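Written out below as structure tokens is the structure these notes cover.
Derivation of every value follows stated rules applied to the coordinates shown; laboratory data play no part. Values in this document were obtained by computation on a predicted structure and should not be read as measured data. Ideal geometry is used to build each Cβ from the backbone, glycine not excepted, and the neighbour counts take in all protein chains shown.
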Amino acid sequence: MSPIVPQTAAPVVVWFRRDLRLADNPALAAAARDGRPIIPLFIHDPAGPPRPIGAASAWWLDKSLKALMADLAALGSPLILRRGNAGAKLRELITETGASAVFWNRLYDSASMTRDAAVSRDLSAVGIDCQSFNGTLLNEPLAVKTGAGGPYRVFSPYWRAVRMSAGDTPPSPAPARLARPPVQIHCDRLADWNLHPSKPDWSGGFADWAPGEAGARARLDTFLDVAANHYIDARNEPGVDGTSRLSAHLHFGEISPRQVWAAADYAALHRDASLRQIEVFQKELGWREFNHHLLFHFPHMTHANFNPKFDDFAWRRDGFGLDAWRAGRTGYPIVDAGMRQLWATGWMHNRVRMIVASFLIKDLMIDWREGETWFWDTLVDADLANNVANWQWTAGSGADAAPYFRVFNPTLQGEKFDPAGEYVRRWVPEIAHLPATDIHQPWRCVSSSAYLAPIVDHAAARDRALAAYESIK
DNA sequence: TGAAATGTTGGGGCG
DNA sequence: ACGCCCCAACATTTC
């Protein structure tokens, strides 16, 4: 039982950032433990850190905040919204309310850490109790070290070192209720933040997403019920709903990796899900952990090549190619399907992300940073650590990266992973009438005239890329 | 979390 | 019956 605390006790600010949930939220749980009044706060700083928010992410944030507002109101203390510089807005709120403490869950990119350290220093100097928690990772970057005491650079040994203990901290429940402070506190109108696109509103295709804690939980349960037993194969087929689709929910912290891990464990133990399948799914959480580990220890990799040899790589400047790639007009069905799915839904199947990334980097020889920037703006799950690490992985410039000679053949990838052509038919209607035998190479068919010819010849582009990679070996 | 080139094997057609 | 060739299927190497 919580001790009785007088209503006059100074409130605690719980500063929500990328932890937009009530359950398994360590900062919220710690603040609520002793019954003091809670001021849940979200500050929108359009400038970041870590970067100005992407348009698709802004769409998601809008809905996620709406859900969090409803959930917190039901718990007893409504969410306060403020816009601007975080440090300034926190000081403002503390002056208004007499709050004596600020609790938050930590972030791991360098810009956010710098900001948070400054906030902590400034507030602590005037007697505010600042406390931070781990609500975002199974293992924080500093908690994992190689035998030699440094950070890991290769996934397999990293995962070997942490996977057995990944589920050691079980998730905690949401607080039963929250005390609200007795004073009236100004709250911005969410609609005034213009996170939802207007003029034009291009978000019509985003309707299947359910941002927010309840949507995240439902998505996880559905996945573990239906898809988890076929995960190993089905996850590679973009025409099949075989992946968890939890990426955006995890990015915004609507569900924690601990919750996902524990639910997967539970499914393996009690719901007849195959342990082998579940372990492969949990390993994907491992990649998320590894990417955050890398970004923490090598913060420059957001903008610079992890492997400096790539600083000499002869990237091509190709505005035409870049535009065609962005628009899904490359003439390669699986590439165009992916880019159009991204634009329409704010999300792309992971297998196809690898294919389109390989195409941009190796077939077009365009700098991975161009692709990373586009994904940042168009993905609802845009996450600095995952985005940067995965792009560098594909480019070959990253840690534990794909070898330079691994060039995806978009035709073969299509035939292998979308054998019936369902995915391509859905997103490239111009060639929906083609039979499965031709749909990944429509140039063989006269009846594909509504569809454009490939903007590059893959075989020639592959040779060009291999030659360029050879020169920086 | 490749693909292409090259090498090897073995069955079957054929003289 | 036997050797030769062809070539698909599979394995290995190379990029």
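Based on the Kirkwood radius over alpha-carbon pairs, what value in µm²/s does the Stokes-Einstein equation return for the translational diffusion coefficient of the range A:315-400 at 37 °C and 0.692 mPa s? The Stokes-Einstein estimate is 261 µm²/s. A simple spin-label model places pseudo-atoms 7 Å from Cα toward Cβ; at A:K416 and A:D241 they are separated by 2.7 nm. By the rule of a C-alpha distance below 25 Å, with chain neighbours fewer than 8 residues away ignored, the lysines paired with A:K145 are A:K283. Debye-formula intensities of the range A:21-171, expressed as log10 I(q)/I(0) at q = 0.09, 0.15 Å⁻¹, are -0.36, -0.97 (one equal scatterer per alpha-carbon, no solvent). Determine the shape class of the range A:171-212: with a ≥ b ≥ c the square roots of the Cα gyration tensor eigenvalues, call it rounded for a/c under 1.5, and otherwise prolate if a/b is greater than b/c, oblate otherwise. Taking the square roots of the gyration eigenvalues as a ≥ b ≥ c, the range A:171-212 is oblate.
Highest-first packing order for the peptide set A:257-267, A:377-387 is A:377-387, A:257-267, based on the mean count of other beta carbon atoms within 10 Å.
Inter-part distance, the range A:83-156 to the range A:190-224, computed on C-alpha centroids, equals 27 Å. In summary, the lysines within cross-link reach of A:K362, defined as a Cα separation below 23 angstrom excluding same-chain residues under 8 places away, comprise A:K309, A:K416, A:K473.
Around the Cα centre of chain A, unit charges on the Cβ atoms of Lys, Arg, Asp and Glu (plus for the first two, minus for the last two) sum to a dipole of about 480 debye.
Each part gets one Cα centre, and for the range A:1-80 versus the range A:229-253 those centres are 28 Å apart.
A straight chain from A:S156 to A:R276 at 0.36 nm per residue would run longer than the Cα-Cα distance by 41.5 nm. Taking packing as the residue-averaged number of other Cβ atoms within 10 angstrom, the listed peptides A:307-318, A:411-422, A:99-110 run from highest to lowest as A:99-110, A:411-422, A:307-318.
On a per residue basis, the convex hull of the C-alpha atoms belonging to the range A:106-152 measures out at 91 Å³. Centre-to-centre separation between the Cα atoms of the range A:300-365 and those of the range A:266-299: 26 Å. By the Cα gyration tensor, the range A:383-473 has an equivalent ellipsoid whose semi-axes, rounded to whole angstrom, run 30, 17, 11 from largest to smallest.
Entry note, chain A: the mean residue ellipticity at 222 nm calculated from DSSP H runs of n ≥ 4, each adding -39500 (n - 2.57), is -13000 deg cm²/dmol after division by the residues and rounding to the nearest 500. Taking the Kirkwood radius as Rh and the Cα radius of gyration as Rg, the range A:1-108 has a ratio of Rg/Rh equal to 0.97.
One decimal place: the segment A:R83-A:A143 gains 18.3 nm when fully extended, by the rule 0.36 nm per residue minus the C-alpha distance. For chain A, dividing the convex hull volume of the Cα atoms by the residue count gives 154 Å³ per residue. This model, with +1 at the C-beta of Lys and Arg and -1 at the C-beta of Asp and Glu, gives the range A:308-470 a dipole about its Cα centre of some 260 debye. With the convex hull drawn around the C-alpha atoms of the range A:111-233, the volume per residue stands at 272 Å³. Between A:I232 and A:D438, the FRET efficiency from the beta-carbon distance, with R0 = 22 Å, is close to 0.15.
With a/c under 1.5 counting as rounded, go ahead and sort the range A:328-377 into rounded, prolate or oblate using the C-alpha gyration tensor (a ≥ b ≥ c being the square roots of the eigenvalues; past the cut-off, prolate if a/b is larger than b/c, else oblate). In terms of gyration-tensor shape, oblate.
Taking label points 7 Å from Cα along the Cα-to-Cβ direction, A:A30 and A:R406 give a separation of 3.9 nm. Using the Cβ-Cβ distance between A:D122 and A:A460 with R0 set to 51 Å, the FRET efficiency from 1/(1 + (r/R0)^6) comes to roughly 0.30. Ellipsoid semi-axes for the range A:308-470, based on the Cα gyration tensor and the rule √(5λ), read 25, 18, 14 Å when sorted largest first.
Among A:Q392, A:S165, A:I128, whose Cα lies farthest out toward the positive end of the dipole of chain A, if unit charges sit on the beta carbon of Lys, Arg (+1) and Asp, Glu (-1)? The listed residue farthest towards the positive side: A:I128. Ordering of A:38-46, A:183-191 by packing is A:38-46, A:183-191, highest average first (other Cβ atoms within 10 Å, averaged per residue).
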